[in-house]
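Asker: To start, I am sharing the structure in question, which I have written as structure tokens.
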Amino acid sequence: MSELRVHNFAISLDGFGTGAGLTRDEPFGHAGERLHEWMFATDWWQTGGSRGIDDVFARQHGPGIGAEIMGAGKYGYPGWHEDPDWTGWWGANPPFHTPVFVLTHQPRPSIELEGGTSFHFLDASPAEALAAAKQAANGQDVRLGGGAETIREFLAAGLVDYLHVVVVPILLGRGSRLWDGLEGMEQDYRIEAVSSPAGVTHLTFTRVSTSSTNGTNGG
């Protein structure tokens, strides 16, 4: 059965998945690239990088994925809706190579890019978006790409089967937080933690029950 998975989502010690003050030049706001330095150092990201535990986790990002869901804030900078030529941060050949469903209150026509990536813009609930993505995934899993608010909405709806969070030892103090409103969510998951020599901690949440989560996660 197709699952909804989150991989390599980095947060600060105080739970922020991105900083404040996002712009076209600063897609992660005042956080800059500090949340992702652990990943940039891996062999998965660049040949010759580290091949330790960070690389092992990073490489789980792609296999078995047939579609992706992301929020409007991951697809573009604040105000991208007003730019008809904006096609995302990733250039002509984005790294997804699957259909990607962008959640936005201002939909636009779908676009096809190189390498098998297509962007489809939906004004839909998490459940509706997941149904569309699963249909496009042809039996493979769906990756939930973020940002923090989007992942939080899907967690609150009880739709995430696997969640990989990387806790980075920095304090951001402001931005977009992941965990707000999710009290008790841990009851539905088997949680494991692995520390890395790079200083980050990999947390994995694997769903152990498919029963209704109403009232268990504060969502």
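Bear in mind that the values in this text are calculations on the coordinates, not laboratory data. Keep in mind that this is a model prediction, so the values were computed, not measured. Every residue, glycine among them, receives a Cβ derived from its backbone with ideal geometry; neighbour counts consider all protein chains shown.
Asker: How many residues are out of contact with any helix residue (DSSP H, G or I) (no Cβ under 9 Å at 6 or more places or on another chain) and outside any helix (DSSP H, G or I) if we restrict to segment 174-209? Don't jump to the end; show me each part of the working.
Answerer: First pass over segment 174-209, keeping only residues out of contact with any helix residue (DSSP H, G or I) (no Cβ under 9 Å at 6 or more places or on another chain): 183-184, 186-193, 201, 203, 206.
From what's left, outside any helix (DSSP H, G or I): 183-184, 189-193, 201, 203, 206.
Counting residues in segment 174-209 that are out of contact with any helix residue (DSSP H, G or I) (no Cβ under 9 Å at 6 or more places or on another chain) and outside any helix (DSSP H, G or I) gives 10.
Asker: Something else now. Considering only segment 115-151, state which residues are in contact with a Gly (Cβ under 9 Å, 6 or more places away or on another chain) and either part of a helix (DSSP H, G or I) or loosely packed, with under 13 Cβ neighbours inside 10 Å (or both).
Answerer: A133, K134, A136, A137, N138, G139, A148, E149, T150, I151
Asker: Now for a different question. What pairs come up if the first residue lies in segment 1-24 and is among the basic types (K, R), the second is not in a strand (DSSP E or B), and their beta carbons are under 6 Å apart, counting only those six or more places apart or on different chains?
Answerer: From segment 1-24, the pairs are R24/Y77.
Asker: Applying the selection to segment 46-55, what residues are buried (at least 16 other Cβ atoms within 10 Å of the Cβ) and either outside any helix (DSSP H, G or I) or not acidic (D, E) (or both)? It would help to see each step written out before you state the result.
Answerer: The initial filter retains those residues of segment 46-55 that are buried (at least 16 other Cβ atoms within 10 Å of the Cβ), namely 49-50, 53-55.
Of everything in segment 46-55, those that are buried (at least 16 other Cβ atoms within 10 Å of the Cβ) and either outside any helix (DSSP H, G or I) or not acidic (D, E) (or both) turn out to be G49, S50, I53.
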